[in-house]
Amino acid sequence: IFDGLAISEMLANPQNHWIAERFLDVSKEFLKTQARKETGLKLPIKICHPYIMPKHWTGREKEMNKLDSWLKQTLEKTILAIVAMGGMGKSSLVDQWLKSLVIPNKNILKLDCIFLFSFYEGEASFLKFIEVFSDYLKIPNDVEIKDKLQSISDWVTNNHGIIILDGFERLLRSY
């Protein structure tokens, strides 16, 4: 088990990149194995850009309970926006909520998917999100973008899941 700081320090040394590649390969294989064991989800849990949590994350119980209440009381399709200035802990709050309350209760919550995409990492574009989410839904690559969008819209309309777009505000203004 690695913590975020250990991984960061390891990756800082170019001689250790093979370790990181092997770690990623083992992690992907583990996640595939876990996905096969899922019983309640139509699709495996997909966390595109894992958030590296501080070792001693604490507090925010009030906010966690609000998120949990929102999810349990939500019967209709809804969008929840968590808005605050940068650095206030929105990403860490949602990450902790997913790991401690949502994922362990995914079957009780009757979720069809749990998907997180971060616009803070790598190529932060809406087209990249569409590409990754289309792949997640197993929409063929040769499908035109407008048809992919329609397929995504249809899937979201007919299923109950959590789709988190972390850092979406980056698309709304110039960075």
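Scanning for something within 19 Å of the chain's Cα centre (by Cα), basic (K, R) and closer than 20 Å to K42 by Cβ, does the range 146-157 turn up at least one residue? The answer is no; no qualifying residue exists. Please go through the range 83-124 and give me each residue that is in a loop (DSSP other than H, G, I, E, B), more than 12 Å from the chain's Cα centre (by Cα), modelled with pLDDT of 85 or more and within 15 Å of L165 (Cα to Cα), ordered by number. Scanning the range 83-124 gives no hits.
Of all residues in the range 150-168, those satisfying the criterion of being loosely packed, with under 15 Cβ neighbours inside 10 Å, modelled with pLDDT of 90 or more and not charged (D, E, K, R) are Q150, S153.
Could you list all residues from the range 129-170 that are under 21 Å from D95 (Cα atoms) and in a helix (DSSP H, G or I)?
Of everything in the range 129-170, those that are under 21 Å from D95 (Cα atoms) and in a helix (DSSP H, G or I) turn out to be F129, V132, F133, Y136, F168, E169, R170.
Taking each residue of the range 132-147 that is surrounded by 10 or more Cβ atoms within 10 Å (Cβ to Cβ) and looking for partners that are acidic (D, E) with beta-carbon atoms closer than 9 Å, six or more apart or interchain, yields I139/D147. Scanning the range 106-125 for residues that are of a type in the set (S, T, N, Q) and open to solvent by less than 50 Å² (accessible area, probe 1.4 Å) yields S118, S125. Pairs linking a residue in the range 81-107 that is aromatic (F, W, Y) to a residue that is surrounded by 16 or more Cβ atoms within 10 Å (Cβ to Cβ), with Cβ atoms under 8 Å and 6 or more positions apart or on different chains, are W97/M64; W97/L67; W97/D68. How many residues are open to solvent by 70 Å² or more (accessible area, probe 1.4 Å) and either in a helix (DSSP H, G or I) or at pLDDT 75 or above (or both) if we restrict to the range 31-50? Selection size over the range 31-50: 6.
The values are calculated or read from the model by the stated rules, or taken from the named source; none is laboratory data. Since the model is a prediction, treat every value here as computed from it, not as a measurement. We place every Cβ from the backbone using ideal geometry, glycine too, and count neighbours over all the protein chains shown. Just the protein is used for accessible areas: all its heavy atoms, side chains included, with ligands, DNA and RNA removed. Shrake-Rupley method; radii C 1.70, N 1.55, O 1.52, S 1.80 Å.
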